[in-house]
Amino acid sequence: MAEGNPTPDAATATRIVGWQHPLIAYISSAPAMIIVAVFLAFPVLYAAWQSLFAITPLSRETPFVGFGNYIAVFNDPAFWSSLGRTAIFVAGTIALGLTLSIIFAFALNRIVSGLRFIRGLAILPYIVSSVAAALMFRTLFNSDFGFPNQVLEFLGFEGIAWLSNGFYAMIVVILAQVWTDLPLALLFILGGLQTIDKQLTEAALVDGATGLRSAIHISLPLIVPQITLATVWFSFKAVTSLGTVLALTGGGPGDSTQLLTLEMVRLGFDEYDTGTAMALVIIIFLLNAGLTLFYLSLQRKFGMK
Amino acid sequence: MAVTQDHGPAAAAARPAMPRTRRRRSLLGGPLRRAAIWLPLAALVVWTLGPFLISVSVSFKAPAQVFADPGLIPDEPTLDAYKRVIDRPGFRSALWNSVVIGFGSLILTLLIGVPAAYAFARFRFRGRHLMLLFALLPMLVPKVGLMFPLFLVAVELKAFDSRLFLILVFTGMLLPLAVWLLIGFFQAIPRELEEAAAVDGASQLRMLFHVVLPLSIPALLTVAVLAFREAWNEFELVLALTQTSASRTLPYELYLMQSATGIADYPLQNAFALLTILPLILVYLRIERYVAEGLLSGAVK
Amino acid sequence: MGEVTFHNVMKTYGAGTVAVNNLNLKIEEGEFIVLVGPSGCGKSTSLRMVAGLEEISSGEIAINGEVVNDLSPRERDIAMVFQSYALYPHMTVEQNMGFPLRMAKLPASEKSQRVSRAADILDITNLLGRYPRELSGGQRQRVAMGRAIVRSPRVFLMDEPLSNLDAKLRVQMRGEIAHLQRELKTTTIYVTHDQVEAMTLGDRVAVMYDGVLQQLAAPTDLYASPETVFVAGFIGSPPMNLCEARIEQGAHGLEVRFGDMSLTIDPACLRKYPGVEQSVGKDVVLGTRPECFFPADAETPEGQRIRAKVDLVELLGAEVLVYLESDAKTVTAKSIANPAAGDPQIRSRNGRSTSTVARITPRSPPRPGEVVDLRYETDSLHFFDLRTGHALR
């Protein structure tokens, strides 16, 4: 019944005679293409286009300014300070997130009974919205009755004014961000560990490695792709994080957690400076893409050759 | 029975005398190694459940109690906060909006995503790769970046503050991931099954409904759950595209209520937050395996 | 160099699954011993217990007299070749081979010296810079061997190291492993399910079945005098014919009657199986080797002559396998251990048993349905107890 090249590979799969007319394929994929085009592709291009115009609510004129909006952004000290805070936020999220997800994944990989249960628990934060997570962390880190301060006071230290101190507020924001994004990263890394041939780690043990050295020399290098994926994930979520920070600190205290995304919302929705906000949108896109490429190049450098 | 008896015949013939020399216990084999596994696992459980527990604890207290009684287990547990949440008109309308938009997005995503994914998985046609790229690449577009452009589009189309527009936007947001996951699942179905159905005289549509879809129920469930979760939890786009209680969903309502009540009413806020999470937890508990494995299969490829 | 001793070693999983049942075994220094048996017989588990990859439920394993039950693998000074070779994919051949030395914190100069010496022995010096995925199956196998020999361990453990190679390469590597072991004189425990590997490689072969050591003997003894029905049916290709038979007093001495055939028992056989004389009038298990059948001629004495109808003929080239119809019931180790487990008979078209196969080199192959006259070498009869499956010694 088949014609053409009978390889089982999906990319060159055979087709049943008289069945799979290309027209059917076009018709069935058209709605998806249209929706994606209208609601995803068009807005991105539209943003890029609009970022070249000076659009303010005060005038009906929208003069073409080329890269003027970008130059305005780069000349704005508020941009650079929010970029710096975003850098701290992203780096902190990646560092804490990767450390925790690697440690947790290695531990999970060692158990058989109870694995499904604990893994199921660990995914729970994934189903919590960013606003709800922020609210839970606000409650958790309340300086009067919050749990961390209770522990500190129990140990004889003074409680910390978590959310009214810029430094600590950044820590809480990072913790909340990692909390919501950890489940998926944990799944990536655990999945990587579980695809490692068990004989490899056994061979390492027989070859004289301790459990720790086998983890460092054998398992970790083999899951570099999954670690990269987790890094991209944490980075993407942190660079584009809005709800968590907005609901947790609103950028404060002062502007100590005013990230790029919050700056973008302020420009667009509070100051109605649409052109500049669009320039910021594009900058966030490019930042994301640049960082992702950077992680991938790191992987190529340190991963398997 | 003797062949499987305790002693093979050879055992009796040559039983070596066992020299008794030193016998030591490896330190690492014992409690230390077990601690190296269980300590991180305990930390994982505390890390995951801690915020939930505190939130639940606070939600069962009266506002004044929160500061007076900081213990984890409330002295006088009360459902007062939950009652007040449910009595809020804002909560009720937001809940209804979330339900409508959640189910609307999930149904539309499946209706549009399944035929597209099936076409990509099984048909050869001109422009397939380019179209696939076009359908999948937007997965990399962050939603914060779409807030403004979509806001302007909505204003232009006079679709601002409309539930239908939100459903369409969320469907657009979800389609790339849905199509990606579904293509993987469809390609994993052995082609022979469809060929057998074709030989047995099934039409293309019947084949899709009687062979392919029944086999992809786990995949459809995964996609449905992911789609619903995404629509249910979405905050940024709701913030940008809605204004009134006619269309705003739970996360935005929660955000507004939190800004309005400030630090005064922690129980109310936490009860609200937990009520928004509860439906997802109930769904999730039933199909946790699909979610975990679906996410993985999507991620690892 | 080391000797390995198993003393009453048991391995049980969960609720009563016994993987290894009371294993006693002493492996001498420098000996090449092969553990062989069907899958699930406990051979790999035994090996993994020596390696320290599997806990010992009870009993003791000692290397050079030191009980190693509680030592981690790294403290046992052993090397292992895995079925999948377990080469570290992110390391070059050189790094792979050097890994055990690196873990032992050897100085770099000695490390590279020992790696290059091992590479030289195995003829893989030109591969040192490559990654495992760039190697062929046979090359990977050599690298795995190389990683095992660099550190001169007390014991080599090999877990089906050739089963991932194609048939031709397997024969070649088999020869090389035998050669290498003779040169290095390192105690080696080799696990396989392939009786040819077992017979060609082992100084001694330990046949395991259902967690129990069946017989430990040199390959020739294993073939010539199997201790149990299982060993009899496992060694040899095609394996020994095993069927129910009755010992009777005949005109020319003791006879064995199976189905409608009978043979006179050669005195040499009685010396080997003295228990036969106590079994006159009783049912026993008779073992006949397919390769001990020959076409009969006029001089063939009556007590060595078999006359039977041919059910099926398989041509192997020069030789043919002839399936003879008879009424003798087939016996297997499984049917003895568990008589209720089901009937092991393979029936002919006439519904009779085809428990006897002859491997002969006739002038012209017989046809199915034809009646053939065969001669059996009656000093190669084997007798086992019908209830215990043990040889009638």
Restricting the search to the stretch B:162-177, which residues are farther than 15 Å from B:Val141 by Cα and in contact with a helix residue (DSSP H, G or I) (Cβ under 7 Å, 6 or more places away or on another chain)? B:Arg163, B:Phe165, B:Leu166, B:Ile167, B:Leu168
Quick one: in the stretch A:250-261, which of the residues that are of a type in the set (Ser, Thr, Tyr) and open to solvent by less than 10 Å² (accessible area, probe 1.4 Å) is nearest to the other protein chains (Cβ to nearest Cβ)? A:Thr261
Consider A:Ile127 against the criteria (1) within 7 Å of another protein chain (Cβ to nearest Cβ); (2) exposed (fewer than 14 other Cβ atoms within 10 Å of the Cβ): it satisfies all of them except one. Which criterion is unmet? (2)
Only unsatisfied item for A:Ala87, checking (1) surrounded by 17 or more Cβ atoms within 10 Å (Cβ to Cβ); (2) at pLDDT 80 or above; (3) of a type in the set (A, V, I, L, M, F, W, C), is (1)
Residue check for B:Leu177: more than 9 Å from every other protein chain (Cβ to nearest Cβ) and either at pLDDT below 85 or crowded, with 18+ Cβ neighbours inside 10 Å (or both): yes
Checking C:Arg307 against (1) open to solvent by 30 Å² or more (accessible area, probe 1.4 Å); (2) without any contact (Cβ under 8 Å) to a residue 24 or more places away in the chain: exactly one of these is not met. Which one? (2)
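Would you point out the residue of the stretch B:136-151, among those that are without any contact (Cβ under 8 Å) to a residue 60 or more places away in the chain and in contact with a Leu (Cβ under 7 Å, 6 or more places away or on another chain), that is nearest to the other protein chains (Cβ to nearest Cβ)?
By that ranking, first place goes to B:Pro138.
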Looking at the structure I just gave you, is A:Leu296 surrounded by fewer than 17 Cβ atoms within 10 Å (Cβ to Cβ), in a helix (DSSP H, G or I) and in contact (Cβ under 8 Å) with a residue 60 or more places away in the chain? yes
Taking the condition of being closer than 20 Å to C:Glu110 by Cα and either over 27 Å from the mean Cα position of the chain (by Cα) or in a loop (DSSP other than H, G, I, E, B) (or both), how many residues in the stretch C:123-152 meet it? 10
Condition first: under 21 Å from A:Ser241 (Cβ atoms) and not hydroxyl-bearing (Ser, Thr, Tyr). Now tell me which residues in the stretch A:104-133 satisfy that. A:Ala122, A:Ile123, A:Leu124, A:Pro125, A:Ile127, A:Val128, A:Val131, A:Ala132, A:Ala133
List the number of the failed condition for A:Val36; all other conditions in (1) crowded, with 17+ Cβ neighbours inside 10 Å; (2) within 12 Å of chain B (Cβ to nearest Cβ); (3) modelled with pLDDT under 80 hold. (3)
Need the failing condition index for C:Gln345 against (1) modelled with pLDDT of 90 or more; (2) open to solvent by less than 30 Å² (accessible area, probe 1.4 Å), just the number. (1)
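Each row is one residue, and each column tells you yes or no for (1) more than 8 Å from chain A (Cβ to nearest Cβ); (2) within 26 Å of A:Thr240 (Cβ to Cβ); (3) not aromatic (Phe, Trp, Tyr).
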position	(1), (2), (3)
B:Ala224	yes, yes, yes
B:Asn233	no, yes, yes
B:Ser245	yes, no, yes
B:Thr261	yes, no, yes
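When the stretch B:33-49 is examined, which residues are found to be modelled with pLDDT under 90 and out of contact with any helix residue (DSSP H, G or I) (no Cβ under 6 Å at 6 or more places or on another chain)? Show your work before the answer.
If we filter the stretch B:33-49 for residues that are modelled with pLDDT under 90, which is where we start, we get B:33-38.
The answer is B:Arg33, B:Arg34, B:Ala35, B:Ala36, B:Trp38.
Looking only at the stretch B:106-123, decide whether some residue is within 22 Å of the chain's Cα centre (by Cα), more than 22 Å from A:Tyr26 (Cβ to Cβ) and more than 7 Å from chain A (Cβ to nearest Cβ).
First, pick out the residues of the stretch B:106-123 that are within 22 Å of the chain's Cα centre (by Cα): B:106-114, B:117.
With more than 22 Å from A:Tyr26 (Cβ to Cβ) added as a condition, the list becomes B:106-107.
Checking the rest, the ones that are also more than 7 Å from chain A (Cβ to nearest Cβ) come to B:106-107.
Among the residues of the stretch B:106-123, at least one is within 22 Å of the chain's Cα centre (by Cα), more than 22 Å from A:Tyr26 (Cβ to Cβ) and more than 7 Å from chain A (Cβ to nearest Cβ), which makes the answer yes.
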Residue that is least open to solvent (accessible area, probe 1.4 Å), among those in the stretch B:82-123 that are among the basic types (Lys, Arg) and touching a residue at least 12 places away in the same chain (Cβ under 8 Å): B:Arg122
Given C:Ala144, C:Ala148, C:Ala104, which one is at the interface with chain A (Cβ under 10 Å from one of its Cβ atoms) and surrounded by fewer than 19 Cβ atoms within 10 Å (Cβ to Cβ)? C:Ala104
When only residues in the stretch A:208-249 that are in contact (Cβ under 8 Å) with a residue 12 or more places away in the chain and in a loop (DSSP other than H, G, I, E, B) count, which is surrounded by the fewest Cβ atoms within 10 Å (Cβ to Cβ)? A:Thr240
Collect the residues in the stretch A:107-118 that are within 8 Å of chain B (Cβ to nearest Cβ) and surrounded by fewer than 21 Cβ atoms within 10 Å (Cβ to Cβ), keeping them in residue-number order. A:Ala107, A:Arg110, A:Ile111, A:Arg116, A:Ile118
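Among the listed residues A:Leu96, A:Leu121, which satisfies the condition of being modelled with pLDDT of 85 or more, in a helix (DSSP H, G or I), open to solvent by 20 Å² or more (accessible area, probe 1.4 Å) and at the interface with chain B (Cβ under 8 Å from one of its Cβ atoms)? Spell out how you get there, then give the answer.
On the way: A:Leu96 fails: at the interface with chain B (Cβ under 8 Å from one of its Cβ atoms).
It is A:Leu121.
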Run B:Leu254 past the list (1) at pLDDT 70 or above; (2) more than 10 Å from chain A (Cβ to nearest Cβ) and report the number of the one that doesn't hold. (2)
Inspect the stretch B:273-295 for any residue being in a loop (DSSP other than H, G, I, E, B), at pLDDT below 85 and not acidic (Asp, Glu) and give the result as yes or no. yes
Quick check on A:Ile127: is it free of Cβ contacts under 8 Å to residues at least 12 places away in the same chain and in contact with a Lys or Arg (Cβ under 8 Å, 6 or more places away or on another chain)? yes
Every residue in the stretch B:124-135 that is within 7 Å of chain A (Cβ to nearest Cβ) and in contact (Cβ under 8 Å) with a residue 12 or more places away in the chain, please. B:Ala135
If you check C:Gly40, C:Gly59, which single one turns out to be farther than 25 Å from C:His179 by Cα and out of contact with any strand residue (DSSP E or B) (no Cβ under 6 Å at 6 or more places or on another chain)? C:Gly40
Residue list for the stretch B:31-49, restricted to those being open to solvent by 20 Å² or more (accessible area, probe 1.4 Å) and closer than 15 Å to A:Leu140 by Cα: B:Val46, B:Trp47, B:Leu49
Hey, does the stretch C:260-282 have a residue that's open to solvent by 60 Å² or more (accessible area, probe 1.4 Å), free of Cβ contacts under 8 Å to residues at least 24 places away in the same chain and outside the structural domain of C:Leu321 (by TED's automatic domain parsing)? no
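Output the helices (runs of 4 or more DSSP H) that fall wholly within the stretch C:184-251 and possess 1 or more residues being in contact (Cβ under 8 Å) with a residue 40 or more places away in the chain, or say none. Break it down into steps so the answer makes sense when it comes.
Working: elements: C:195-201, C:219-224, C:229-234.
Once the helices (runs of 4 or more DSSP H) in the stretch C:184-251 are filtered for at least 1 residues that are in contact (Cβ under 8 Å) with a residue 40 or more places away in the chain, what remains is C:195-201, C:229-234.
The values are calculated or read from the model by the stated rules, or taken from the named source; none is laboratory data. In this text, all values refer to a predicted model and were calculated from it rather than measured experimentally. In this analysis, Cβ positions are derived from the backbone assuming ideal geometry, glycine residues included, and neighbour counts consider all displayed protein chains. Keep in mind that these areas ignore ligands, DNA and RNA; they rest on the heavy atoms of the full protein, side chains included. Shrake-Rupley method; radii C 1.70, N 1.55, O 1.52, S 1.80 Å.
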